[in-house]
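For reference, the structure discussed in these notes is given below.
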């Protein structure tokens, strides 16, 4: 009985110690991307951040470096094989990335991502691993299942599950090619656009500190204008909530992916890792603003205190 009580007291003391360590503001990092009419440099003096609507101090602003960047190119394996005409654009995108950038090519299938190779700086090798999607509608199960699973178990990184700290030595970005349709949310009616699976993907990406970009590409899964609208709406929600962007042209497919891919690379080149203090163990609301003229900022709307993206 005495031994049992001893272990109970020791366990309680350990739990209280962990709780005490989690209390109080802790350094937190988030990726912030500038959209400026003229070339400008983002500095801590020109940046304001609010955490849960309260002013917080920005302690550091560091430009994202090529050798501190990882890009996951995720392709929906349910896309029709007509997307094959876009493979040259994707290969050119990969091979033209700045030296030092790590790239992973993965295919979204059955609720997960199957990587063609690990993250690599060998861009030619990664480009050679591109292939046609299998073209079976719905093969990805849901692109949002795939995104959730991937960011929670980022290859080579630590788990981003709620019970463990978020640690990432690189600035991490996702670019996904998908029609954005969530087949598990039932009707694609504009009146039915609240998907718990999209919400989960948003939260998981926010916890991991990963901006999610996407290019809408149709011809898979449910067809028609309603499906196109629904998919674009979900992709936009995912992008804007995580600090990324959704690219599309009307309800049709782009003639070329190159303009969007160039915009994506330009966004990374104008991205910064911002360090500030945040408190708590759950997602907190963050809002960034700047004094720089004619400049708009894109960043995750929520961040997990303690998220670390410090570059090597």
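By how many nm would the segment from residue 281 to residue 229 grow when fully extended, if each residue of separation counts as 0.36 nm and the alpha-carbon distance is taken off?
Extra length from residue 281 to residue 229 when fully extended: 15.2 nm.
Could you order the peptides 109-121, 242-254 from most to least packed, using the average number of other C-beta atoms within 10 Å per residue?
Highest-to-lowest ranking by the protection proxy: 242-254, 109-121.
Kindly rank 33-41, 46-54 from highest to lowest mean number of other beta carbons found within 10 Å of each residue.
Top of the packing list down: 46-54, 33-41.
Under 18 Å from a label point 7 Å along Cα→Cβ of residue 255: give me every residue in segment 78-106 with its amide N that close.
Only 83-90 fall inside the zone, counting backbone N under 18 Å.
Give me the number: length gained by fully extending residue 67 to residue 46, i.e. 0.36 nm times residue separation minus the C-alpha to C-alpha distance, one decimal in nm.
Result for the pair: 5.0 nm of gain on full extension.
Which peptide among 60-70, 272-282 comes first, and what is the full order, when sorted by highest mean count of other Cβ atoms within 10 Å?
Those peptides, ordered most packed to least, come out 272-282, 60-70.
Give the distance, in whole Å, between the Cα centre of segment 39-89 and the Cα centre of segment 240-304.
Here the two parts' Cα centres lie 6 Å apart.
No lab work stands behind these numbers, since they all come straight from the coordinates. Because the structure is a prediction, the values reported are computed rather than measured. With ideal geometry, Cβ positions are generated from the backbone for all residues, glycine too; neighbour counts draw on all protein chains shown.
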